[in-house]
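The values are calculated or read from the model by the stated rules, or taken from the named source; none is laboratory data. As the structure is a computational prediction, the values presented were derived from the model and not from experiment. We place every Cβ from the backbone using ideal geometry, glycine too, and count neighbours over all the protein chains shown. We work out accessible area using only protein heavy atoms, side chains counted, and drop any ligands, DNA or RNA first. Shrake-Rupley method; radii C 1.70, N 1.55, O 1.52, S 1.80 Å.
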Amino acid sequence: MEHEVFVTKDEFIPAIQGMLTERARLGTISCLDLVDEFELIYHFEPQEAPEPLTHLRARVAKGDTWPSITSIYPSASLAELEIRDHFDIEITGITLDFRGRFLRSKESPEAALLKPTPYELTAATRHPARCGEACPAGIDIPRYVRLIGEDRPADALAVIKQSLPFPGILGRVCFAPCEAPCRQAKQEEPIAVRMLKRFAYDNTTYEEEVAAEPTGKRVAIIGSGPAGLTAAYYLVKMGHEVAILEALPEAGGMMRVGIPAYRLPRKVLDEEIDLVKQLGAKIQTSTEVSSLETLFENGYHAILVATGAHRGMKMGLEGEDHHRVLECIDFLRSVSFGKGPQLGNRVAVIGGGNAAIDAARTALRTGAADVTMLYRRTRAEMPASASEIEEAITEGVNIDFLVAPRRIMIENDTVILESVRMKLGAPDASGRPRPEPIEGSEFQLEVDAIIAAIGQSPDVPQDFALETGSKNTVIVDAETMATSREGVFAAGDVITGPASVVEAVRSAKQATISIDRYLGGEGVLPVPELDIKDLTSRQTFIERWARDNQRVVMPTLTIDDRLRGFDEVELGLTEEMAVAEGKRCWRCDLEE
Amino acid sequence: MDILTRSRTKSPWLLHYSCGSCNGCDIEILAALTPLYDVERFGIVNMGNPKHADVLLVTGPANWRNYRVLRNIYDQMPEPKLVVVVGVCGSTGGVFDKCPNTLGGIDTVIPVDVYIPGCAARPEAIIDGVVLALGKLEAYGT
Amino acid sequence: MARTAIPFGPQHPVFPEPVHLKLELEDETVVGVTPVIGYMHRGIEKAAELKTFRQNVFLIERICGICSFMHSLAYCQGVEALTDVEAPPRARFLRVFWSELSRSHSHLLTLGLLADAMGFESLFMQCWRAREIVLDISEMTAGHRIIQSTCSVGGVRRDINSEMAKEVDARLRALQEMLDRSISPVFLHDYTINRRTEGKGIVPKEQAELLGAVGPTARGSGVTVDIRQTGYAAYSDLSIDPVVETAGDSYARTKVRVRELSRSVELVREVLAMMPAGEILVAVSNYPEGETVSRVEQPRGEEIMYLKGNSTNYLERVRVRTPTFANIPALLGMLPGCELADVPIITLSIDPCIGCTER
Ligand SMILES: Cc1cc2nc3c(=O)[nH]c(=O)nc-3n(C[C@H](O)[C@H](O)[C@H](O)COP(=O)(O)OP(=O)(O)OC[C@H]3O[C@@H](n4cnc5c(N)ncnc54)[C@H](O)[C@@H]3O)c2cc1C
Ligand code: SF4
Ligand code: SF4
């Protein structure tokens, strides 16, 4: 081309200034990709219009930076932005404010004109999705659901592991508070977030990061339920020495002695408890702690009370103390340890929570043929989760609604339960309608055993000398989980009353942070960095418009197989099902 | 036919959105509104507001930047709504087939009811397509 | 004073295309503006490297459907330079013919849209009615109303016979009359047009030069540029005097277009009268080699096309600088200080073509 001038980086700016003094007009800038370097061509038009152009040419090595000429020729801004975006040349100092007059900000991202929408969205462009916000443990749900949809379960597991130590357990027993707010729940088809978690755990492995340098600090954790185990998992990874003290002969807390094996196979529970052990936590079973002083004297620097809520509440009925009237937790515990009592054929379960359902289903599995649940209100008010109720009914549990027990009478070997029918009245303090007895509707039920499952409360030894509140829960600071005693923290059911595993994980994570701070650490949970891109291909993004929107149905055992023993009822998703389900997610986190 | 369907089919309101088109079809859509073709005689009115529109006329292929805008517009339109794609490139990607920033036809982003071929589509074809779409609108009402 | 941010577009009733401006207002006055573009970006420059240089003509033509012919003209001229081919004289005159036809339909289109943005419906309809005459001529001579697809490397693909030429001439005379009788006087003397555009969106001459404005936007500010003066195609045989106004406001730019429009119609008739006989297309036997810059004057201003060939069927690089792209900095210079209600008109006064800008 005629009138070409080749310049080096040093000559470049003076040459541009020279063009300005000649009052040449900038035409545009072209860029050529010469494999190992770029060539920039600045096309200038001399003052007199019909003259041929002058081309200023400069070579830029790849990875090198190049100065912008916008402070000399403001009109270059668009072309420079375009070249920067399309060719990846770092052009520095593009001033979009046209000498401070026209545009508001420098390097404003909006003015990145013609930028092709990035195929990989960065974390900065993500938004909190409803599901993720609802997860007590703060799992990045949309991200892992998406990864499963892209058939990358190992990455998905790594994402889950960033917020949660026990995906295997939670993938089975979590009440999934994330599913209710899912945007697809409006059509009653929320993403099966929990099942996907289980899929990720069952089908891949996760490499744990090794613990940090020892800090020389010792922490005692009382109780080996999810709260205690979570705290132990993080604390050992932070380098503290951790001992879990457990009263029962086996670790796991309510997950071992409450949740029945047909929902949480003991193999999975053991695997995840073993993980905590492998990381270096000591678990001493059959060690009941009755005094905190002794622990401090034994050289522990901090204590976490995670003793759960194991004391069954009393119904306050006549005849309640008979040996054929069992307390739900006691019953489940003895079944868990293989010492279940002979119940007989007909069993009545009193209560409407998840524990009651578990007791009823367990009773079926231990030989009872006729299991009836009695609940004061109607199905709509039942605290147990809908799917659990459904499962119980499929397995053959009868549920008698609007019935309250009055009296228990024992005659020879039969137990007679006298109950009264109820009707719903005005809402009470909890917002649910208050049941009122219908006088004269008393009736009697002959059974062989009764299981009372009307709730549990924490049972903290008096000697711990901790301030307690309503229903015997330990009072803690909502943020730090610190109790009224210095160096003593609490987490799990013991502070909330009976709740859930994932709530226990949440409070335990909070407690861990403050224990670490208390011991002089930074209070940062040891979460590995992940190098996972948020959007891997255009196709995945388009696919969501081209699929049907049916929630997966978890394959289950047949009823006969279920009642034969304690085999796990849910069989897990196949890869095909999981991927399809993951694709169903709308990726609310990527929307504006 | 109830009054709503009747007014919808007798006087459908259009909304025009240009994705990555070359403008060819866009100006032909405008040409259809002007004296020679004058679609207003069919009661067709061009609206600027998605919330008032019954028929969305889209030109050009969807791309990585505008598909969200397009979907947004589509979502804002009240039911029953129809999408009419004008031009080959909006129908399939057309001449912009190998362009790196395009996603292909509009139907990769939103459901499409009528495809009007032509590059650029002639105003007669556009009118035809819209009238064809009206048949669908009518079917909604019965 | 508290500032308000108003998003303008991307879907806006005034524009057929997605323009998105983030306006910052103090009361009703615009104090800041950030353009957000890319909604129509297709990646034509890249795609042009993936198609053969002959196929590219059709792709390049669809950078924009309004000045489509001129895009392909710039491209073909560039490739001809790289392949050492010269278009025959008749082809060069035919190129001017379709170029000026495009220019007149484009100017009528813009003027109509401008009138529409002011709410001057009848004027809008008049402009577009007149435009149909041009489109009919285009259809008659090229086979298509707006995308002519007549330009080709080495010449043009269609010829005009004398009968057709007569018909075209007759229709153009009718158009000329329409322009002289109704359209031009309204634009040049009407009170409404004057009040809505005069003094709105001023770019002084120095600023227009510095911001690299082109075409009617530059000429409305008194910059005498018109690439037709370089004499590409057959322009060397025609007399081109750039139409220049000095006020630099929207009114000046509108006046430039109105006067250019009349001149374009005249030019088409002149070309028809002067058309030499002979070949319209020569064969291209070699592959493009080397680099070149090809420039044409489009309705919106100068288009620069940089082409690089490497002796293969594919071009190594196609870089297109379209006129609206060059006018955007000038637009950003015009908007601050104006009233919110004037934003659509000022924006339309540069005749933005987003399809071009974003390619
Ligand atoms: C029948 C049943 C079913 C359930 N199903 C689910 C479910 O499906 N999903 C779900 O999310 N949640 C479920 N839950 C609730 C969940 O199990 C509990 O919320 C959770 O286990 C609480 O964890 P934690 O660590 O606070 O206490 P726990 O798990 O109760 O653990 C406390 C541990 O501390 C030990 N301990 C107590 N006192 C002492 C002491 N003084 N010294 C030493 N050790 C002591 C206890 O023996 C126990 O092992 C269920 C609960 C029950 C009862
Ligand atoms: S659709 Fe996906 S991202 Fe949205 S709430 Fe449901 S699971 Fe979360
Ligand atoms: S179909 Fe053809 S004329 Fe219509 S917008 Fe697409 S490229 Fe342009």
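Going by the alpha-carbon gyration tensor, a ≥ b ≥ c the square roots of its eigenvalues, is segment A:3-102 rounded (a/c under 1.5) or, if a/c is not under 1.5, prolate (a/b greater than b/c) versus oblate?
Oblate.
Given that compact globular proteins tend to follow 2.2 N^0.38 Å, what is the ratio of the alpha-carbon Rg of chain B to that value?
0.99
How much area per residue is accessible in chain C when the probe is 1.4 Å and only protein heavy atoms are counted (Å²)?
30 Å²
Extending each Cα 7 Å along its Cβ direction at A:Leu557 and C:Lys166, get the distance between those two points in nm, one decimal.
According to this spin-label approximation, the distance is 9.8 nm.
Report, as a whole number in µm² per second, the diffusion coefficient that Stokes-Einstein gives for chain A at 37 °C and 0.692 mPa s using the Kirkwood radius over alpha carbon pairs.
Answer from the Stokes-Einstein relation: 115 µm²/s.
Probe of 1.4 angstrom, ligands and nucleic acids ignored: what's the accessible area per residue over segment A:3-102, in square angstrom?
Spelled out: the 1.4 Å probe surface of segment A:3-102, per residue, equals 41 Å².
Could you pull out every whole DSSP H run in chain C that spans at least 20 Å of Cα extent along its own axis and averages 0.5 or higher on the Kyte-Doolittle scale?
Both cut-offs are met by C:68-83.
With r as the distance between the Cβ atoms of A:Ala386 and A:Arg434 and R0 = 25 Å, compute the FRET efficiency 1/(1 + (r/R0)^6) and round to 0.05.
0.65
Based on Cβ point charges of +1 for Lys and Arg and -1 for Asp and Glu, what charge dipole magnitude is obtained for chain A about its Cα centre, in debye rounded to the nearest 20? Spell out each step's value before the answer.
Values: 65 positive and 93 negative charges, 258 e Å.
Roughly 1240 debye, rounded to the nearest 20.
Charges on Cβ only, +1 for Lys and Arg, -1 for Asp and Glu, centred on the Cα centroid of segment C:129-210; of C:Gly154, C:Leu179, C:Gln207, which one is farthest towards the dipole's positive end?
In segment C:129-210, that residue is C:Gln207.
On a C-alpha basis, how far is the centre of segment C:89-143 from the centre of segment B:64-130 in Å? Whole number, if you could?
After rounding, the separation between the Cα centres reads 26 Å.
Just name one of C:Phe53, C:Val320, C:Val282: the one whose Cα is farthest towards the positive end of the charge dipole of the protein assembly as shown (beta-carbon charges, Lys/Arg +1, Asp/Glu -1).
C:Val282
Using a 1.4 Å probe and counting only protein heavy atoms, how much accessible surface gets buried when B and C come together, both sides summed, in Å² to the nearest 100? Write down the numbers at each step before the final one.
On the way: alone 7310 and 14140 Å², together 18220 Å².
Adding both sides of the contact gives about 3200 Å².
Considering the options A:Ala360, A:Ile169, A:Ile16, tell which one lies farthest towards the positive end of the dipole of chain A, charges being +1 on Lys and Arg and -1 on Asp and Glu at the Cβ, about the Cα centre.
Value computed over the given set: A:Ala360.
Contact order normalised by length for segment C:152-244, with contacts defined as Cα pairs under 8 Å and 6 or more residues apart; what percent is it?
Worked out over segment C:152-244, it gives 14 percent.
Among residues other than C:Asp351 whose Cβ falls under 10 Å from its Cβ, what is the net charge (Lys/Arg +1, Asp/Glu -1)?
After counting each charged neighbour, the total is +3.
Treat every Asp and Glu Cβ in chain C as -1 and every Lys and Arg Cβ as +1, leave all other atoms uncharged, and give the resulting dipole magnitude about the Cα centre to the nearest 20 debye.
Values: 39 positive and 46 negative charges, 99 e Å.
It comes to approximately 480 debye.
For the protein assembly as shown, report the % of Cα-Cα distances exceeding 40 Å.
57 percent
Ranked from the most accessible area to the least, with a 1.4 Å probe and all protein chains present, what is the order of B:Trp13, B:Trp64? Numbers along the way, then the final one.
On the way: B:Trp13 95, B:Trp64 10 Å².
Descending accessible area places them as B:Trp13, B:Trp64.
Across the Cα atoms of segment C:84-190, what radius of gyration and what greatest pairwise Cα-Cα distance (Dmax) are found, in Å?
Calculated on Cα positions, Rg and Dmax stand at 15.6, 51 Å.
Going through the cross-link list A:Lys237/A:Lys471; B:Lys51/B:Lys136; A:Lys267/A:Lys471; A:Lys197/B:Lys81; A:Lys277/A:Lys471; C:Lys200/C:Lys308, which pairs have a Cα-Cα distance over 30 Å in this structure?
Cα-Cα > 30 Å for A:Lys237/A:Lys471; A:Lys267/A:Lys471; A:Lys197/B:Lys81; A:Lys277/A:Lys471; C:Lys200/C:Lys308; rest within.
Considering only DSSP beta bridges whose two residues both sit in the protein assembly as shown, what percent are antiparallel, to the nearest 5?
60 percent
Which value, in debye to the nearest 20, gives the size of the charge dipole of segment A:314-454 about its Cα centre, when Lys and Arg are +1 and Asp and Glu are -1 at the Cβ?
Values: 16 positive and 22 negative charges, 63 e Å.
Charge dipole of segment A:314-454: 300 debye, to the nearest 20.
Between segment A:364-415 and segment A:418-449, what is the C-alpha centre distance in whole Å?
With segment A:364-415 and segment A:418-449 each reduced to a Cα centre, they are spaced 14 Å.
Nearest 10 degrees is fine. How inclined is helix B:123-141 to the longest principal axis of chain B, computing both from alpha carbons?
That helix lies at roughly 60 degrees to the long axis.
Tell me: how much accessible area in total is hidden between A and C, 1.4 Å probe, Å², nearest 100?
3600 Å²
So what is the relative contact order for chain C, in percent, with contacts set as C-alpha pairs under 8 Å and at least six apart?
26 percent
Using Cβ-Cβ distances only, list the Cys residues of chain C with no partner cysteine under 4.7 Å, sorted by number.
Those would be C:Cys67, C:Cys76, C:Cys127, C:Cys151, C:Cys338, since no other cysteine Cβ in chain C comes under 4.7 Å of theirs.
Let me know the shape class of chain C, please: from the alpha-carbon gyration tensor, a ≥ b ≥ c as square roots of the eigenvalues, rounded when a/c is under 1.5, otherwise prolate if a/b is greater than b/c, or oblate.
oblate
Please identify the GluC sites (Glu not before Pro) of segment A:149-194 that satisfy two criteria: DSSP loop assignment and at most 11 other Cβ atoms within 10 Å. Which are they?
Details: sites: A:Glu150, A:Glu179, A:Glu188; in loops: A:Glu150, A:Glu179, A:Glu188.
Here the GluC sites (Glu not before Pro) that fit, given the DSSP loop and packing criteria, are A:Glu188.
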